[in-house]
Amino acid sequence: MDSIPFTEPVLFLEFFVREVTYIGSDQSATFPKGTLFYTGESNASRGYLPSFNEAVFRGNPQNILPREKSFGFVDGQPCLLASPKRYFLDWIENNPLDALLCIGREAWMEDQWVRGDDREQFSILRPGISRFTDIVNQAPFRFNVWMQDEAGTLLTDFPNSEVRQPLEVGHTYLFLCRQEEYLDQGYLVNPHRNLVLFVKNHGLHRAIRLVSQAEFAGYDVANLCKEPYKLRDHRKSRFKYLLG
């Protein structure tokens, strides 16, 4: 067996988040040149990243697989390390997949970029529930999607846009967003955030390919930063406080 089939086509999405956050007066001018809305190749070191109430990056990641970095994309196709194949088969037998997401993140901390652990998020097919509606609860900053056609083209209103924009299969999109600090009765609700979010729609797949450790070794979700992208610039949006 060189692949594992699904009972229904599964949607695969890849996200990479890069952010600068701070609290207090507008300090944008104090950051080194090129820090805000940095879209280049990642040179971040590994480390612990705190979160400002972003559920997807808080606590432990969801676990389908028993080892770190077992799921990703090789040659544009979703792939799984062959070694945990039996574990994955047993899991999906009782948990039919609706969507599977790979999410990477880095943030500006103490005058350097720091890379957090990658996250594996998923949604499950549930009787009577429309497909892909739970992705908003699994994707970073409640990145919402709607299926547009059978080819796998998606629509999104991220970040709270008044117009839904397409995410075509096989394309990488770059969202630039600016969130202003928001206080409610003196309590912090949101910090200042300068957000760079890459997302790639890998479309619907009826199977996931099994690969060796050597084949998988070159995969890094941060490679999204190196790909050609379509820009979605929301920095002048009238929605000042909400990214999702």
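Between Arg58 and Trp146, the simple label model (points 7 Å from Cα in the Cβ direction) yields a spacing of 2.8 nm.
Just the protein heavy atoms count here, and of the accessible area of the chain at 1.4 Å, carbon and sulfur take up 47 percent.
For the chain, what is the mean residue ellipticity at 222 nm derived from helices alone (per DSSP H run of n ≥ 4: -39500 (n - 2.57); sum divided by total residues; nearest 500 deg cm²/dmol)?
Values: 3 runs with 18 residues, N = 244.
It lands at -1500 deg cm²/dmol.
Nearest 0.05, what FRET efficiency do Val114 and Thr39 give at R0 = 22 Å with Cβ-Cβ as r? Working from the Cβ atoms, E equals 0.80.
Extension gain, Glu215 to Asp75, is 49.4 nm, computed as 0.36 nm per intervening residue step minus the present C-alpha separation. Run the reach check for Lys226 against lysines, Cα to Cα strictly under 18 Å, same-chain hits fewer than 8 apart removed. What comes back? Excluding near neighbours in sequence, the set is Lys200.
Which value, in Å to one decimal place, does the Kirkwood hydrodynamic radius take for the chain when every pair of different Cα atoms is included?
Details: mean 1/r = 0.0531 Å⁻¹.
Its Kirkwood hydrodynamic radius stands at 18.8 Å.
Calculated accessible area for the stretch 4-150 comes out at 50 Å² per residue, all protein chains present (probe 1.4 Å; ligands, DNA, RNA ignored). Of the residues Thr156, Thr30, Thr133, the one that moves most in a GNM of the chain with alpha-carbon contacts below 10 Å is Thr30. Give, as a single signed number, the net charge of other residues whose beta carbon lies under 11 Å from the beta carbon of Ser237, with Lys and Arg counted +1 and Asp and Glu -1. Here the count lands on +3. Of all segments of the chain bounded by GluC sites (Glu not before Pro) found in a DSSP loop with no more than 11 other C-beta atoms within 10 Å, the longest spans 163-244.
Classify the stretch 152-244 as rounded, prolate or oblate from the Cα gyration tensor: take a ≥ b ≥ c as the square roots of its eigenvalues, call it rounded if a/c is under 1.5, otherwise prolate when a/b beats b/c and oblate if not. Cα axes put the stretch 152-244 in the prolate bin. Think of each Lys and Arg Cβ as +1 and each Asp and Glu Cβ as -1; about the Cα centre, that makes the dipole of the chain roughly 240 debye. Between Ser28 and Asp157, the distance separating the two model label sites (each 7 Å from Cα on the Cα→Cβ line) works out to 2.6 nm. The separation of the stretch 81-110 from the stretch 151-203, counted between C-alpha centres, amounts to 22 Å.
Taking 8 Å as the Cα distance limit and 6 or more residues as the minimum spacing, I'd like the relative contact order of the chain as a percentage.
On the way: 512 pairs, mean separation 76.3, N = 244.
That works out to 31 percent.
Please compute the net charge surrounding Phe122, taking Lys and Arg as +1 and Asp and Glu as -1 over other residues with Cβ under 11 Å from its Cβ. Combined, the nearby Lys, Arg, Asp and Glu give -2.
The values are calculated or read from the model by the stated rules, or taken from the named source; none is laboratory data. Since the model is a prediction, treat every value here as computed from it, not as a measurement. Cβ: placed from backbone, ideal geometry, glycine included. Neighbour counts: every protein chain shown. Quick note on the areas: whole protein, heavy atoms, side chains included, nothing else; ligands and nucleic acids left out. Shrake-Rupley method; radii C 1.70, N 1.55, O 1.52, S 1.80 Å.
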